[in-house]
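Chemist: Sending over a structure as structure tokens; questions will come in a sec.
The values are calculated or read from the model by the stated rules, or taken from the named source; none is laboratory data. Here the structure is a predicted model, which means the values were calculated and not measured. So basically every Cβ, Gly included, is an ideal-geometry build from the backbone, and we count neighbours across all protein chains shown. Please note that ligands, DNA and RNA were not included when accessible areas were found on the heavy atoms of the full protein model with its side chains. Shrake-Rupley method; radii C 1.70, N 1.55, O 1.52, S 1.80 Å.
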Amino acid sequence: MLADTVSTLFTPELFLLLTTLLAVGYERRENRILRPLAARIGVVVGAWALAFVTYVVGARRFATAVPGGDDFFAALGLIVAFSAIGLVWHRQHWGTLVPPYAALLVVTSLLHLAVVPLWDTSSHVIYAAVPAGVLVAADRRFAPLLFVPPLLVWSRIATGAHTVDEAVGGLVVAGVVLGGALALGRLPGRR
């Protein structure tokens, strides 16, 4: 029961929406001269609508013909959404946190597309660990978010949604993304 509740509360789409809004709010707090917060939230909501349409249309029309099925179209929807968010932020010069956050989630989704047909790693864990890691890199006050990925490892195993290696594999995939970003100097943060 508790494991099911944890998995439901921290579904990738809800956790990504929460962390994206946290990134937007944090960035806005840092530079209030930039556009109103409502415009930024509107971009995020519009991008989420694009992701949802991509997912629903793709899953309904092509799910059985594509390796990874629903996961493929969920990741594709996230690529569309975060590409749109990153593009708008870059063009509007709205700040320096959201563009690398969005770029890392596009990379995460591309890696997810490549890995899931071969190894059913936990999307819940991947999409909790990457945004949590990016936000903590930006400001350590986001550190409580780091409790979510291990909690999801436990819940995904306890619910039977994933095996131990699949749930922990989500941490491995996220670690590859975050480690690569760190090595390339692409993690946001105060310098």
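Chemist: Compute the distance in nm between two label points, each set 7 Å from the Cα along the Cα-to-Cβ direction, one at Leu14 and one at Thr96.
Modeler: Going by the 7 Å Cα→Cβ label model, 3.5 nm.
Chemist: Still on this model: Most fluctuating residue of Ala158, Ala74, Ala102 in a GNM of the chain with Cα springs under 10 Å: which is it?
Modeler: Maximum fluctuation in the GNM of the chain, among the listed residues, is at Ala158.
Chemist: Then there's this: So which helices of the chain fit the span-like rule, where a helix is a whole DSSP H run, its Cα atoms reach 30 Å or more along the axis, and its mean Kyte-Doolittle is at least 0.5?
Modeler: 37-62, 69-92
Chemist: Then there is this: Per DSSP H run of at least 4 residues, take -39500 (n - 2.57); add these up for the chain, divide by its residues and hand me the 222 nm value, nearest 500 deg cm²/dmol.
Modeler: -25000 deg cm²/dmol
Chemist: Here's something else I'd like to know. With all protein chains present, how much of the accessible area of segment 128-167 (probe radius 1.4 Å) comes from carbon and sulfur, to the nearest whole percent?
Modeler: For segment 128-167, the apolar C and S fraction of the accessible surface comes to 66 percent.
Chemist: Let me ask something additional. Simple spin-label model, 7 Å along Cα-to-Cβ: Val176 to Ala158 in nm?
Modeler: About 2.8 nm, to one decimal.
Chemist: What's the extension gain from Phe52 to Leu2 if we count 0.36 nm per residue and subtract their Cα-Cα distance?
Modeler: Length gained between Phe52 and Leu2: 15.3 nm.
Chemist: So what is the relative contact order for the chain, in percent, with contacts set as C-alpha pairs under 8 Å and at least six apart?
Modeler: Computed over the chain, the figure is 25 percent.
Chemist: Let me ask something additional. Once amide H atoms are placed 1.01 Å from N in the peptide plane, what residues at a sequence separation of 5 or more from Thr159, or on another chain, have their amide H within under 5 Å of its amide H?
Modeler: Amide H to amide H, under 5 Å and 5 or more residues apart or across chains, Thr159 pairs with nothing.
Chemist: Label points 7 Å out from Cα along the Cβ direction at Arg140 and Trp119: separation in nm?
Modeler: In this crude spin-label approximation the distance works out to 3.1 nm.
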